[in-house]
1. Restricting attention to segment 136-150, and to residues there that are surrounded by 10 or more Cβ atoms within 10 Å (Cβ to Cβ) and among the charged types (D, E, K, R), which single residue is nearest to residue 83 (Cα to Cα)?
2. Out of 254, 286, 302, 324, which single residue is within 17 Å of residue 366 (Cβ to Cβ) and open to solvent by less than 10 Å² (accessible area, probe 1.4 Å)?
3. Among (1) within 8 Å of the ligand (Cβ to nearest atom); (2) touching a residue at least 40 places away in the same chain (Cβ under 8 Å), which single condition is residue 237 missing?
4. Working carefully through the options 262, 246, find the one that is over 30 Å from residue 97 (Cβ atoms), open to solvent by 10 Å² or more (accessible area, probe 1.4 Å), β-branched (Val, Ile, Thr) and near the ligand (Cβ under 8 Å from one of its atoms).
5. Based on what the data block shows, is residue 174 open to solvent by 10 Å² or more (accessible area, probe 1.4 Å), among the aromatic types (Phe, Trp, Tyr), part of a helix (DSSP H, G or I) and within 16 Å of the ligand (Cβ to nearest atom)?
6. Please specify each residue of segment 469-488 satisfying the condition of being more than 26 Å from residue 126 (Cα to Cα) and out of contact with any helix residue (DSSP H, G or I) (no Cβ under 7 Å at 6 or more places or on another chain).
7. Limited to segment 22-48, what total is found for residues that are in contact (Cβ under 8 Å) with a residue 60 or more places away in the chain and not in a strand (DSSP E or B)?
8. Among the numbered criteria (1) without any contact (Cβ under 8 Å) to a residue 12 or more places away in the chain; (2) part of a strand (DSSP E or B), which one does residue 306 miss?
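The values are calculated or read from the model by the stated rules, or taken from the named source; none is laboratory data. Computed from a predicted structure; not experimentally measured. Heads up, the Cβs are rebuilt from the backbone with ideal geometry, glycines too, and the neighbour counts pull from every protein chain shown. Accessible surface is based on the protein model in full, side chains and every heavy atom, while ligands, DNA and RNA are left aside. Shrake-Rupley method; radii C 1.70, N 1.55, O 1.52, S 1.80 Å.
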Amino acid sequence: MTAQQDIAKSIAALSFPGQAFINGKYVNAVSGKTFDCESPIDGRILTKVAACDATDADIAVKAARAAFVKGHWRNMNPFKRKAIMLKLAELMAAHAEELALLETLDTGKPISDARAVDVPSAIQSIQFYAETCDKQYDELAPRKPDSLAMITREPIGVVAAVIPWNYPLIITAWKIGPALATGNSVVLKPAEQSPLTALRIAELAAQAGIPEGVLNVLPGYGEQVGQALGRHMDVDMVAFTGSTNVGKLFLRYAGESNMKHVALETGGKSPNIIFADTPDLDACAANSAAGIFYNAGQTCNAPSRIIVEESIKDQFVELVAKHAASWQAGDPLNPKTAMGSVIDKGQMDRVLGYIETGKNEGAKVAAGGKREMTESGGYYIAPTVLSAVRNDMRVAQEEIFGPVVVSISFKGEEEAVKIANDTIYGLHATIWTSDLKRAHTVARAIDAGTVTVNNAFGSDITTPFGGYKQSGIGRDKGVHALEKYQQIKTTYIQL
Ligand code: NAD
């Protein structure tokens, strides 16, 4: 049997989770309403999914609160809480192929990426946070011997995690890992475009021993169930990843309800600064192409703005266009495919619209620029390079979130930094140079949560991730992520 026949057989044997997961059980939305879960690979309807709304949000929040008040999870021996989370990671590993297939069918990302990156990274995140359960210590403030001032960390309570569609499994793990490790109850809302893996994880978590009500998953539309969670008077915190505009709505929801904590991981338009002294320009172009075309450009920290020194701009654009050829869109279920579809028709139309806007603004199409594989019934776009872009153009300022990179030129370090920082975002930046002093100086001058030098990639679960400016508030990943899921309490004792 070929690899693709094998995959077809595995898909035929898959069962698609479509119900909400509340208080340890799969249930329908109270309204009975559902929405179609469409695969962007070919437009096929995979299953119908519960369209939860404010009523379901209320039921799930009550279950989460009841679990928190009972305290089975937050007051559990930390060794046991760790063991249960490690068991969840083990179950995810045992179901790795099923999770990879669900993720690929739901999002159109290549099966090779789902297998090699999404599933293993999500497992690693759960393991990483499981290991923190029995390694966190509290503090004592400096005092005279007649008193004690204890500074202890406590879980916040009920956390609503609202996540996007670009890395559903990984971002689910980034949220539930630290939220559960610190003893909270969670109500997670996956994006309507990609609910399947989060729903499956909820069942695996129950199997691992996470008590009823501690992890609930509510699929549905953002304006309905997402907003209901954001405005809920008994949700203590929202941990959101998604667009900047929706992130701002969550700040408003919090302000108009109970002033819940809001942590935001939002958009990006990350500069990729190429100095003429870059050690290996071809390797830099290959890495830059991989950075933007991986996951069809639907990566919040993708290096989507090439900012290249004037003297090498034509040569560099040519090299990136050459490397774009190895990212041609293909069938996501073919293990050889490097770039799959975009998430849905709406996103495809939006990205194609930006390419037209760029052309109208004066950009030149150095590669791609069009829809592909129309006959598949899915939503594919050629890897696209737009050159001769100015930083004030819409394609340089707005997040396109597709396989489109723009190239802008600069003269001198000062102008490079000015262009890099001339954006509302501040999530990530990359610098290419062989001058160590310049690497440090420019890294310091860039307003971004992460700066990488001579590689557009380089972060993992150990490194905090989040944005300056309108790229967010707070950090995911690393041990630093634990802080946002905790309250700090001071207890003063007179001896
Ligand atoms: P989105 O903001 O449209 O949706 C994100 C989530 O919010 C979804 O679950 C959606 O249902 C919900 N939502 C939408 N409208 C809502 C509303 N009115 N009220 C309440 N909830 C609502 O984002 P998306 O299109 O799913 O994802 C792409 C965006 O996510 C990009 O901007 C990308 O940069 C960003 N992102 C950021 C990070 C990061 O860590 N900074 C990571 C991944 C993606």
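1. Taking segment 136-150 and keeping what is surrounded by 10 or more Cβ atoms within 10 Å (Cβ to Cβ), we get 136, 138-141, 143, 147-150.
Adding the requirement that they be among the charged types (D, E, K, R) leaves 138-139, 143.
Values: 138: 21, 139: 25, 143: 36 Å.
Ranking the qualifying residues of segment 136-150, first place goes to 138.
2. Details: 254 fails: within 17 Å of residue 366 (Cβ to Cβ); 286 fails: open to solvent by less than 10 Å² (accessible area, probe 1.4 Å); 302 fails: within 17 Å of residue 366 (Cβ to Cβ).
Testing whether each residue is within 17 Å of residue 366 (Cβ to Cβ) and open to solvent by less than 10 Å² (accessible area, probe 1.4 Å) leaves just 324.
3. Failed condition: (1).
4. 246
5. yes
6. 469
7. 9
8. (1)
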